[in-house]
Structure formats: C-alpha cells, structure tokens
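Single-structure report; data block below.
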Amino acid sequence: MSEENIRRRVVTSLRKAIDFEQQSNDVEAYRNYLEGLALVAAALQQDADSCWTQGNPILTAKERKSLVGFAEQSVSRLVLLLDKQDQESSNVFKETSQVTDNEGAMRSHCHDLPAVVTPVPSPQRGNAAREEACGACEESPIARMRHENKLLVARYSTRLRAATTASQRQNLQLELERRLSENTAIARQRQETWEQHRSEVAARCHRLAESKFQINEKIESGTITEADFKKQRVYSAALQFEEENSWFKKLKQDVLFQPHDERLQRDVIGRILDRSHPVGAMLCQMQYAVLDKVNPIITKHQSLLAQRHRSETDYALEEHKAFRRHFQNIAADIKRDIKLLETLLITIVEPLGSDRGRGIITEMLHQVYFAPVKHHLIILLRLVTHNDEVELEAAISGQAVDADADTRQACAMLRHLPSLHSPCHMLDSLVTTLKALASTSDENNHCKSLGADDLLPRLTAVVILCRVPSLLAEATYMENFMPTERALGEGGYAVTVLQSVMSCLLPHSG
C-alpha cells in the first residue's frame, strides 16, 4: 500500500468524521476517527517491521510525520468528543439535581395540597436577570475554551460553505482542527493552574471563617453548636464567592467607603440574598425546610376549615393543642433562621451592623424569607384559631355599622393586610390604618399616644365592616414574627389593639 493511498484513506476518514460531527452524529464521527487512527497505526507498524527486519523502510521521515500529524488531529477530536460526552452527562445530572432541589418541594406541595391552597412560589426567582446585571461568575478555562471553539466552528462553517473546491475545504477543515486542538491543549494547562488556585483560595477562606467564629476555641471549651459550624461553612463559601466575583468585591468596597448610603446597602443585601450567593442558597434551604414541616399537617387537616361550627370534643381540643405546638416549633425555627441570616449579613458586610443597617436587613430578610411560606403558615394558624374564627364570623355577620368615609378607607386598608407577606410591611400597614382612624382624636397623629377609649370603637366598626375572620390568624402571624424592637413600639401596640377588638367581639369574651 503506497503512502499516497494511505494518506488518501486517512483524509477520507477524517473528512467523514468531521462531517458527521457537524451533523451532531458523534457516534459515527467517533468511529471514523478511530478508523483513521487504525490506518495510520497499521502503516507505521508495517514501515517499522520493514525497516527494522529488512533494513528497507517503506516511508520517508516526512511521510511518517505527516501520518503522525493526522493521528494527532484524530486523537484531539476523540478527546473533545469524550469531553463533550462527559459534559453532557454532567449537565444532565446537574439540571436534574437542580430541578429536584429547587422545584421538588414546590411540585410535591402543589400535588399534595387541596386545590384551595395556592401553589408555593419557588423562592427567589429571577436570578438570571440579576446575574446578567452584575456579571457572571468566573468561568473555568475549559468552559471558556468550549465557548470559543463554538464560535470558531461557526466562523469556519461559513468559510467552508464559501469554498469552491474540495482542496480548499480540506485545507480549511485541517486548519480548523489544528486551531481547535491548540485551544484545547492551552485550556487544559490553564485549567490545572485555575483549579489549584481555587483550592488554595478555598483553604484560605476556610481558615479565615474558622478564626472569625472561633471554631477551635469553642470546640476545646465544649461550647460549639451546629449553628457555629453552619456559620463557618457559609461564611467560608461567601468569602470564596467574593474572590471569584470581582463585581461583588467592588460593591462591598463601595459600601465600606459610603457606609450611610442606603441604596448601596440595599443593593449589597439583595445580592447576598440572591440564590446564586451562598447565603441566598442557604436561605432557600431554610424556606423549603419550613414548607416540609408545614405542608403535611395542613394537607391532612385543611378540610377542618370548611366546618362552620365550634368543636368542643376532647379529640378536637387535643388536636387544637397539637396544631398550636406545631406552629410554635416552626416559629422558633424561623426565628433562629432569621437570626443566623442577620449574623452572616453583618459579618460579610460590617457597615450593616449599624442600627439603620440592621433595620434594613430585617426589612429585606422578612420580604424575601416569608414570601413563599406565609400563605401556608396562615393556613396552619387558621387551624389553631379555627374555633375563635368561626365565632368571630358569626358575631360580625349579624351586625351592621354606619360607615363614614374614614371607616370605609380604613376597611379597605385592613382588607389589604392579608395580601402582604412580610411581617414588617404588615405592621407598617396596620399602624397606618390605626393612625388614619385616630387622626381626628389625636392632634399629634402618633399611634403610641392614642387613647384606647377613642380608638377601640372605631376599629371595632372597621372589623365588622371588613368581615374578614382570618384577621385572627393574620394578627397572630404578626405577633409571632414581628422584630423584637418593634414589639415595644407602634407595631406591637397596633397588633395588641387589633387583637383586643376581635377578642371583644367573641361571644365568650365576657
């Protein structure tokens, strides 16, 4: 077999493989690359046998180099095909895992809950738009190489279509293969350096987090808790996130240089609470943990809310106590979650430790944390307050009130309260409602200084006019999740007044 025939057959196999690869037929491409390699190996083996045994080589040095060059191109393409296969398998696994992690709870809850329950919105949507705005995370050299090679193939595809002769197309294909192979080789070298750097950064961040939360000291003293390990783990991941995202590091520096800029503070908190950040990812896990605790019980017992009579049996009373204990346990977990998140936010961005910064943290945490879980917590609370809700509905349905413009306006504001999910926003709305009601009786228009004798009758008329018995659950929700500093201020006073009014309307209040 002449060298020219071998070269022709190798080129034919290579061209077929490239054509199959462009048609996304990776299996046939793989086979043709292997066929070309087999031809080269057979020719080189025959040449070696002839040279060493008979002293009469078949191929010249130039011909051997040419064949080895074809073999290198085939091997490079085979490696790329194998990498592509591995990447596709990895992507399928990642996508499946992400769907399971991010949508599994929502999907199961939507299937299990009765139709009256609103499906759980997936926590913290819209990350893609935010990532585009803030810049993507640092790509690995291999990922950048794949993107660059796609663009390269697209450019050469245009040139190949414009080629007029088979020789031109063959030269372009070989040139493309050479450039793709070079890109791959360079990317692999850079990948090793990149991965080593990431490992060093991860180790350094772990040591910093360990020192920040005094993990070793607490272990030695026996005071270490699970929350300490969680803080260390998430803070370490947050430091690594900062190393890999220069835009976030710059944003933190802006907050340090302008510690009183509320817009910057809100921006950095929003970025941290995004699911792409380790803190935001942990927040999502917390939300799904709450849903996993709440939904089994409301799925099983929600039908009780359709009963419009008070149940006084021993079993019903025990069931009511169980609902209350269940809610109290969940509420305690939520408060621990909020406290942990607040600690991490202040640790990551120290200027947020000011009084105003803490207030912004609480407001934004409530807005994000309670968005997907509030509706389900309210259903559980309605099971807790069901007997009182039934009596309140019966009490207000039989009464009529003369409503002036102020009363109707306050009624509209109170009806809007259940549509809010953040306890902070609900408190603000309730305080505004009470101030609107009491504006004629208090010249300073300050909720804390209002007299109950003036306010209670007007608020009672508003509650009767609204005819929303679930306000009992809404008030309990605000009472349990309002920030501690607001419990002693206008917010706490407003909730107490609302609860007092509804309690007075109940038949057994006397």
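The values are calculated or read from the model by the stated rules, or taken from the named source; none is laboratory data. Everything numeric in this text was worked out from a predicted model, so none of it was measured. What goes into the accessible areas is simple: the full protein's heavy atoms, side chains included, and nothing from ligands, DNA or RNA. Shrake-Rupley method; radii C 1.70, N 1.55, O 1.52, S 1.80 Å.
Values as computed for the structure displayed
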{"item": "Where Asp402, Asp47, Asp337 fall by accessible area, highest first, once all protein chains stay in place (1.4 Å)", "result": "Asp402, Asp337, Asp47"}
{"item": "Rounded to whole Hz, the Karplus (6.51, -1.76, 1.60) HN-Hα couplings of the range 54-68, x for glycine and proline", "result": "10, x, 10, x, 7, 10, 7, 4, 5, 5, 4, 4, 4, 5, 4"}
{"item": "Where the range 311-395 is the region considered: accessible area per residue in Å², 1.4 Å probe", "result": "42 Å²"}
{"item": "For Arg7, solvent-accessible area (1.4 Å; no DNA, RNA or ligand), Å²", "result": "80 Å²"}
{"item": "Accessible surface of the range 163-270 [probe 1.4 Å, protein heavy atoms]: carbon and sulfur percent", "result": "49 percent"}
{"item": "Nearest-10 value in Å² for the accessible area of Thr164, using the 1.4 Å probe", "result": "110 Å²"}
{"item": "With DNA, RNA and ligands ignored, accessible area of Thr484 (1.4 Å probe; Å², nearest 10)", "result": "110 Å²"}
{"item": "Ranked order, Ile219, Ile142 - accessible area, probe 1.4 Å, largest first", "result": "Ile219, Ile142"}
{"item": "For the range 145-296, accessible area per residue (1.4 Å probe, heavy atoms of protein chains only), Å²", "result": "56 Å²"}
{"item": "Potential extension, Leu456-Arg31 segment - 0.36 nm per residue separation minus Cα distance", "result": "144.5 nm"}
{"item": "Proximal lysines to Lys65, defined as alpha-carbon separation beneath 24 angstrom and excluding residues fewer than eight positions away on the same chain", "result": "Lys16"}
{"item": "Glu226, Glu393, ranked by accessible area, largest first (probe 1.4 Å)", "result": "Glu226, Glu393"}
{"item": "Phi-based couplings in Hz for the range 346-362 (Karplus 6.51, -1.76, 1.60; Gly and Pro marked x)", "result": "5, 5, 6, 10, 4, x, 6, x, 5, 4, 5, x, 5, x, 5, 4, 4"}
{"item": "Karplus (6.51, -1.76, 1.60) ³J(HN,Hα), θ = phi - 60°, over the range 148-163, in Hz, Gly and Pro reported as x", "result": "5, 5, 4, 5, 5, 4, 4, 5, 5, 4, 5, 5, 5, 5, 7, 5"}
